[in-house]
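Note sheet for the following structure.
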Amino acid sequence: MINLKIRSLKSKFIIFVICLIIPIGICNIISLGMSRKIENGYADMINNMLMANEIKHNIDNSLDNFNQYILSGNEKNKEIQRAEIYSAQQKIQVLKNESDNTSQYILRDLENTLGSYKESSGKTISAYENKEGYVFYYDDFIAAKNIASYCNIYASALMQNYLETNSISYKELNRNSSIIYVFLATYLILILSACVIYAMVFIKNISKGLKGIVETSNKVSKGQFEYYEGNKTGIYELDVLIKTFNTMIKDIKELVSSIHEKLILEKKLKEEEMKNLQYENTLKEFDLKVLQSQINPHFLFNTLNCVNAAAIMENATTTSKLIKSVSNILRYSLSCMNRNALLEEEINIVKDYIYIQECRFDDRVKFNLNVNMDMKKVKIPGMTIQPLVENAFIHGIESKEDGGYIDISIKEENGICSVIVEDDGVGIPREILDKINTYNYDIQHIGHTTGLGINIVEKRLRYLYDKKDMFKIESHEGKGTKVYLKIPIMGDGN
């Protein structure tokens, strides 16, 4: 009779253990599996972003050593520059095998741009090592630096794409995890409740242990991950159950902590990305300021000679007006370095320039200014139109013995400010004109015909509006030149 009772109790206890341990084990396995999946997913996300960031650092280090080599000729800088390019290319190949379609396109563009940078820097280094002179490799040197900046832009875009993709993946994973966790928690609570009822009916000896487990389970379901020490029951299976239960609580607590740490890391990565974008914008703004700071010393020299001659030959009226015009141009060229100017301000400077040239050359050159729009609606980079008028005069009219005319026409067409500067000067040779219209300034000139004014205007407009169809020149040798500008009318808020 006693043996039957023991077997009966043992059978019921085995059933009890099976009903309790198996569900908890399943929940624990599922929880661990989900934790491993989340960890693997985050590891891949973070590795991709870190590798994209390393590519950006490779490009920056390559550009720094490229600059140092051109300045000092140190062979170590050249070797580091090439090694950094090779390292970036290898990492791009790795990412191409593990990225989505959008990232593949960005990686393709980055790889092509990096190849262009490698080619331009190689040409510069070759010309430098052949001692061809600064003027022969300057354009390749500038092109290499510009292409390197484009590489950085693509690298930043790649990091941004990874960030957005990872954010979407995280949200989807988190949503699925939440559903499964709710199911597991509900399932676990139901099983534990059933076991408590089963234990209260059949096994009063272990009621204290089961009661403690139930109370702790309720706390866990509310997010209170407290360690449950439990009472020693002397029953091996129950003691193992308590230990397993504690392990489950620890695992869940560690999982929550791990997710929290990954969220903090993601936030830091976003902040770092914002800093990188601000750095890129600062570099671009600096480049614009450098371009805006250019000024034509030949024009200043001739103008000051004219002012001196007028001071001797005339009374102070003409001299005063000339000095005022020169002062206006100088003041304007300095004040517009940190801002864009209204089209009205730019035209006033053009008028000052016209007055100076009319004083210098009298009737030899005729200017015609025709404005047919509200100039206060348009903002442009300072010193944009004046260099074009100056270029038309120096390169088109000044060398003609019988002089000529320069027409400046400004009007609004379909939301675009159209500016035309036309002269009847000597014109531009076809070979040079084709290179200017394709934005290729790799041209050797003599004297004033450097093309620097056109180069500066085109670059500043391209940097500001990010368009390549705003500037065009038509010219015929011996007949004259037309320069076309199409500037978007951005509104008062820009």
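The values are calculated or read from the model by the stated rules, or taken from the named source; none is laboratory data. Worth saying up front: this structure is predicted, and the values here are computed from it rather than measured. Because the Cβ atoms are built from the backbone with ideal geometry, glycine has one as well, and the counts that use them run over all protein chains shown. Just so you know, the surface numbers come from the protein's heavy atoms only, side chains and all, with ligands and any DNA or RNA stripped out. Shrake-Rupley method; radii C 1.70, N 1.55, O 1.52, S 1.80 Å.
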Exercise. Quick one: which of 463-469, 246-252 comes out on top by average Cβ neighbours within 10 Å, and what's the full order, highest first?
Worked result: 246-252, 463-469
Problem set entry | Percent of beta bridges antiparallel (DSSP, segment 346-490, rounded to nearest 5) | 75
Problem set entry | Proportion of all alpha-carbon pairs of segment 22-143 beyond 25 Å (%) | 44
Seminar exercise, completed: Checked against a 28 Å limit on the C-alpha separation, the offending pairs among Lys37/Lys222; Lys351/Lys411; Lys131/Lys467; Lys145/Lys324; Lys76/Lys118; Lys56/Lys250 are Lys131/Lys467; Lys145/Lys324; Lys56/Lys250
Exercise. Over the heavy atoms of Cys359, what accessible area does a 1.4 Å probe trace out, to the nearest 10 Å²?
Worked result: 50
